[in-house]
């Protein structure tokens with residue numbers, strides 16, 4: 001698929017989907033002036049050189065440490081493989097974000113094991129929680145470890161490399177029959193956080209459950225996600241990074257790029273492709289091609305962003 | 001009237017205690033969670049019935065009825081039971097996957 005280039009005529013939904021089918025082996029995306037172009041298929045060696053220079057950060061998601069069911073009896077082991085892959089990257093990323101479901105059942109030992117492995121990257125990690133990280137009786141283990149300096153259930157923002165990063169929490173206070181939820185307090189904070197920011201500041205929003213509606217029948221969306229997106233509408237470059245659905249999906253709407261990362265633990269089916277969104281058992285030989293991490297690069301002066309999804313294998 | 005000896009009296013008392021309990025158990029109801037769905041999604045029961053939910057998914061779930069009952073997180077094959085002592089409609093959902101909803105109607 002090398003040389004597969006969408007040209008300057010923009011990207012139709014069909015073409016984006018067409019590229020998504022190739023994302024399993026790594027597609028380099030660049031965003032120029034809000035228009036994404038696929039630069040074609042790349043292997044991981046090329047990906048590494050393609051990401052320099054500029055600021056590169058990594059997204060890791062859904063490590064589900066403690067998961068031991070047939071879909072992957074050793075989720076800690078595949079997390080370790082992902083970390084080894086990160087450590088082998090020729091250019092060291094600036095930092096990492098983790099988009100939630102660090103653990104499977106919020107046990108203290110699961111958090112400890114996750115941290116023991118992830119800390120081997122020697123990178124700063126900015127976390128947001130998934131619903132699996134708030135399951136302990138007192139809902140304290142996540143907060144004790146990662147909640148320092150955050151607001152509400154754990155939302156916060158920071159600046160790096162000229163980009164404004166906003167970590168949101170959409171996994172608490174969920175309403176019967178509904179989807180993910182941000183809530184009025186967090187939306188008010190978001191508005192406040194963005195006040196006075198130059199519209200040319202690139203924005204990265206990250207949260208566990210997709211902020212866009214992927215498949216409401218399986219709860220893959222955020223009830224008031226649209227209200228968060230309204231608040232970033234005027235910005236020239238907006239990137240929304242999510243997890244939760246354990247597969248790569250990408251959508252572009254105007255100046256906003258939506259992207260979901262693979263899990264390091266187990267794959268989930270494509271929307272509607274199975275009776276439920278539960279863990280998908282695949283042949284052992286295929287598993288590592290469906291797990292992985294994402295690498296995101298900003299070339300500051302060009303306002304250009306590239307997302308590379310790298311599977312553990314393949 | 002036959003006089004109960006001490007041994008027979010003991011048996012009679014035991015039967016009196018056990019019988020209602022056995023009857024109540026026969027009325028108890030089960031709800032299974034399979035593929036992120038409560039089955040059956042709606043259940044009609046008599047007052048005093050105990051309903052037991054069993055999570056048969058590889059993913060944890062909860063059973064929450066606002067202001068009425070709330071289970072701990074149920075991992076695979078974990079169970080949660082609740083005895084309904086008031087009539088009415090009890091809507092409930094999984095607080096982790098809120099698209100999962102169910103209803104218990106107590107008559």
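Quick note: the coordinates plus some simple rules give every number you see, no bench work behind them. This one's a predicted model, so the numbers in the text were calculated from it and none came from an experiment. Neighbour counts are summed over all protein chains in view; Cβ atoms, including those assigned to glycine, are modelled from backbone coordinates with ideal geometry.
For an R0 of 30 angstrom, estimate the FRET efficiency from the Cβ-Cβ distance between residue A:84 and residue B:76 and round to the nearest 0.05. Each step should come with its number before you reach the end.
Numbers: r = 29 Å, r/R0 = 0.97.
Step by step, r from the Cβ atoms, then E = 0.55.
Given a Förster radius of 22 Å and the C-beta distance between residue B:66 and residue B:41 as r, what FRET efficiency does 1/(1 + (r/R0)^6) yield to the nearest 0.05? Mind showing how you got there, number by number?
Details: r = 18 Å, r/R0 = 0.80.
Efficiency, rounded to the nearest 0.05: 0.80.
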Check your understanding: Taking the DSSP beta bridges in the range A:148-276 as the whole, what percent of them are antiparallel, to the nearest 5?
Key -> 45 percent
Practice item. Under 19 Å from a label point 7 Å along Cα→Cβ of residue B:32: give me every residue in the range B:42-70 with its amide N that close. Key: B:42-44, B:51-63
Review point. What spacing in nm lies between the two simple spin-label points modelled at residue A:92 and residue A:284, each 7 Å away from Cα in the Cβ direction?
Key: 3.6 nm
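Could you state the per residue volume, in Å³, of the convex hull enclosing the Cα atoms of the range A:144-267? If you can, show how the numbers build up before the last one.
On the way: hull volume 15.2 nm³, N = 124.
Per residue, the Cα convex hull of the range A:144-267 comes to 122 Å³.
Tell me, A:106, A:198 in order of fewest to most beta-carbon neighbours within 10 Å? Let's see the in-between values first.
Values: A:106 25, A:198 8.
Ranking A:106, A:198 by Cβ neighbours within 10 Å, fewest first, gives A:198, A:106.
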Check your understanding: Simple spin-label model, 7 Å along Cα-to-Cβ: residue A:175 to residue B:56 in nm?
Key -> 3.3 nm
Exercise for review: Describe numerically, in nm with one decimal, the distance between label points set 7 Å from Cα along Cα→Cβ at residue A:270 and at residue B:83.
Suggested key: 5.1 nm
Study note, to complete from the structure: Residue separation between residue A:253 and residue A:112 times 0.36 nm, minus their alpha-carbon distance, gives in nm 46.9 nm
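Taking R0 as 30 Å, what's the FRET efficiency between residue A:195 and residue A:124 from their Cβ-Cβ distance, rounded to 0.05? Write down the numbers at each step before the final one.
Working: r = 26 Å, r/R0 = 0.87.
That gives a FRET efficiency of 0.70.
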Check your understanding: When DSSP beta bridges are limited to those with both residues in the range A:226-300, what percentage is antiparallel, rounded to the nearest 5?
Key -> 50 percent
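Would you mind ranking B:59, A:117 by Cβ crowding within 10 Å, fewest neighbours first? Present the calculation step by step, with values, prior to reporting the outcome.
On the way: B:59 25, A:117 20.
Least crowded to most crowded, the residues run A:117, B:59.
I need A:169, A:163, A:282 ordered by Cβ neighbour count within 10 Å, fewest first. Working shown, then result.
On the way: A:169 27, A:163 19, A:282 16.
Lowest count first: A:282, A:163, A:169.
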